Every structure is written in structure tokens, then in C-alpha cells.
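A quick write-up on the structure given underneath.
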Amino acid sequence: MQQRTPLYECHVAANARIVDFGGWDMPLHYGSQIDEHHAVRRDAGMFDVSHMTVVDLEGAGALPYLQNLLANDVAKLKTPGRALYTCMLNDAGGIIDDLIVYFLGPGRFRAVVNAATRDKDLAWMRQHSAGFDVALTERAELAMIAVQGPTARERAAQVLPEDAREAALAAKPFHALEVGDWLVARTGYTGEDGWEITLPGDAAADAWRRLVEHGVRPCGLGARDTLRLEAGMNLYGTDMDETTSPLESGLDWTVAWEPAERSFIGRAALDAQREHGVPRKFVGLLLEGRGVVRGHQKILFGGHEGEVTSGTFSPTLGRAIGMGRVPAAASGECHIEIRGKKLPAKIVAPPFVRNGKIRIEL
């Protein structure tokens, strides 16, 4: 049985191409994936991300619980509304999932985890809650709309209560504001500014229609993927999983090594990797000529091999780009094996595009 978000009828009414995405009926595009991509880079677009799993955590033990559960340290969140990107690891240091945690107040946190990993995430989180004074509540009745682009916040502010607009617009990146039963967070997955708005499911369709009226373009999963790849953002299950650690996924910056006495699940494995080094590293790839970069293609470098984890045609660059794992010593020129041909490519440091600007040398 396919699942549908509270915005499904809005997508159908807008003639979206609906596809199966991890058991959910979701819009791939509304006619032109390229136009939707450019709308986010140049103006404002919005995505239905209501399939994501929202979990509220409450109790006197919520803070120490999350400090043990996650690789980043939620104790850094000192003021209500602050947010943190982090990985949840297994004992071997492999990534169970990547997620965002919001600090809502003393003993109150919210985590947003990936839809495809919902069952295993909730099982893991509940398993490791034993011994902590914390209650975990899945908020399946909520919806989420990501409004992204250089004019996104100004346009989306028009659907907020008038007395909340100024405070919402003043919120800094990775900060959130509770507006009644809405959470307006300055976070996203596109490399552009904007908000991720969590709201009751029964209010989502009206908010979506009002956003359209204020010039925000509906966008589908296709544009979301090209945008996140241009921004150098990992996709769980493609660029990382339980067999890879943050240190070999370009996510070492999400690990809080201090305080040294903080123990968290997977720390011992990461400490060993940090001491001895990891044999592979995560890089960006820029194809020098024509071709299509896709996951699982071979990266050839100095007699060694790596593998593309995800790839696409970049609408902003007009070139094929990708991300992948290569030997730790790899740099400079390489080749990608595409349909039996070895095509020249360049190893670069992502992101490719952020805030509408190209960040690499073409």
C-alpha cells in the first residue's frame, strides 16, 4: 500500500508526474525538472518533504540521551531554536542515518530523520533510550514544506502570522522559530537559503496554495536531487550507509571530538580511524567532456580504483558532476569508466554551487 502525504491532491491537481519513492507517492516534477532547478537557484521553489520522519524527544534525560546517541554534541545548542546536523552511528562507526536535531527548550528536542530509514531509526533510538528519562514520540500527523531560494524567505513570510514575520526573517541559519504549532527552520537541502516549515498536516494544503499565490514554484524530487548534488550534500543510502563512517563520507566536520570524555555510540571506532587514517576519501567529480555520471561507475586513478556514489547533469554548470570515494592519496586528474569508455574527469572539493554561485574552477 503506497503512502501519501497531506499534499498529494495538490500535486495531482498541478499535473505532477507521480513516482514511487520508498513506498511514497511523490512528485518527480511538474513538467520541467530543469526549470524547477533554476527556480530554486534564482528565485523560490518549494518541495513536499512530508514523508520525512519527525520525532519529538522530551524529558530530563533527553540531553544526555542524545549526547550518547549522536556523533555531534547537542550540548552545543544553548538557546531554544538552535539546530544541529549530525550522524547517528552504529558501534562500528557506520552511519545508520544523518539527521537534524532542533533544541526547542529545556528537555525538549525534535529530530527529523530520513523516510527510507524510518523503521530502523526508530528501533535504534528506542533501543538506546533504556536507562534515560526520555520519551520519544513520532509526529506522523505533521507535514513539512521546504521553501528554498534567494527570495524564498521573503515570499514564504507572507503565509505566517503578521506578528511573527519579523522574528522569522531575523532567524539565523540553523535556527528555528516556533510559530504556534508551526516550526519555521532556516535549514534546507539545496545549497540555497530558505525555510523548512513543519506544520499540522490538515493545514498543509492551504499553506501550499498560499505559497503558490506568493510566487513560490512547486518542485519535485528530480530538482531536489540535482540541487543537493550541486551543493555537495550527501544522500543517505547512496553516498553513505552503515558500511561507511563520517570520516570517509566527507562528514568528519559533523563529529564533535570535544569534550574528549564524552562517550557516544561509535566513538571508539572513529577514534581508531582518526588515529590510523582511512584508506578512502569522499570527493567531488567534474567530467571534462560530454557524458553522464552515474552511481557505481569506476573512478580510475594511478592504477587504483574508486567508485562514483552519485552523479547527475548539473543544470547550473552545464556539465556532468558526481561524488564518490577514491584512494586517500587521489587528487587532480582521473578517469570515469562510462559504458566501456574511460572519460577524463577532475577531482574537486565540493560544493559545486552554493547560494547561486559556482564554487569550483571549471
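Only the coordinates and a few stated rules stand behind these numbers; no lab work does. Please read all numbers here as calculations on a predicted model, not as lab measurements. Here the Cβ is made from the backbone with ideal geometry for all residues, glycine too, and neighbour counts use every protein chain on show.
Brief remarks follow.
- Couplings 3J(HN,Hα) of segment 262-269, computed from phi: 6, 9, 9, 4, x, 5, 4, 5 Hz, in residue order, whole Hz [Karplus 6.51 cos²θ - 1.76 cosθ + 1.60, θ = phi - 60°; x for Gly and Pro].
- Each Lys or Arg adds one and each Asp or Glu subtracts one; over the other residues with Cβ under 9 Å from the Cβ of TYR236, this totals -4.
- Too-long pairs where the Cα-Cα distance tops 32 Å, listed order kept, from LYS172/LYS298; LYS120/LYS342; LYS76/LYS281; LYS120/LYS346: LYS172/LYS298; LYS120/LYS342; LYS120/LYS346
- Rh (Kirkwood; distinct C-alpha pairs) - the chain, Å: 21.2
- Packing here is the average count of other Cβ atoms within 10 Å per residue, and on that basis the peptides 131-141, 88-98, highest first, run 88-98, 131-141.
- Each principal axis of segment 59-113 carries a Cα extent, and these read 31, 18, 16 Å when sorted largest first.
- Between segment 132-181 and segment 8-55, the Cα center-to-center distance that results, in Å: 19
- Between LYS281 and VAL326, ALA328, the built amide H atoms are under 5 Å apart, and every one of these is 5 or more places off in sequence or on another chain.
- Trypsin sites (Lys or Arg not before Pro) lying in DSSP loop within segment 69-129, provided at most 10 other Cβ fall within 10 Å: LYS78
- Alpha-carbon radius of gyration plus Dmax, which is the widest Cα pair, for segment 17-91 in Å: 18.0, 49
- Once you divide the Cα radius of gyration of segment 113-164 by 2.2 N^0.38 Å, the number left is 1.73.
- Stretched out straight at 0.36 nm per residue, the stretch from ARG274 to LYS76 would grow longer than its current Cα-Cα span by 69.1 nm.
- Remark on segment 68-187: hydrodynamic radius 15.8 angstrom, per the Kirkwood mean of 1/r across alpha carbon pairs.
- Considering only ILE299, CYS87, THR244, the residue lying farthest towards the positive end of the dipole of the chain is ILE299, judged by Cα position with unit charges set on Cβ.
- Put simply, the C-alpha atoms of segment 1-54 give a gyration tensor, and the ellipsoid matching it has half-axes of 21, 13, 10 Å, longest first.
- Legend: Rg and Dmax of segment 1-127, from Cα coordinates, 17.4, 49 Å.
- Residues of segment 322-358 with amide N under 18 Å of the 7 Å Cα→Cβ point at THR238: 322-326, 350-354
- Principal semi-axes of the equivalent ellipsoid, √(5λ) from the alpha carbon gyration tensor of segment 214-269, are 32, 14, 9 Å from largest down.
- Take 316-329, 333-346 and order them by the average number of nearby Cβ atoms within 10 Å per residue, most first; the result is 316-329, 333-346.
- Peptides 250-259, 163-172, 197-206 ranked from most to least packed, by the mean per-residue count of other Cβ atoms within 10 Å: 197-206, 250-259, 163-172.
- Projected-area average for segment 271-348 over all orientations - Cα convex hull basis, square nanometres: 5.5
- Dipole magnitude for the chain: about 1080 debye, using +1 per Lys or Arg Cβ and -1 per Asp or Glu Cβ, origin at the Cα centre.
- Estimated translational diffusion coefficient (Stokes-Einstein, Kirkwood radius over Cα pairs, 4 °C, 1.567 mPa s) of segment 183-332: 72 µm² per second.
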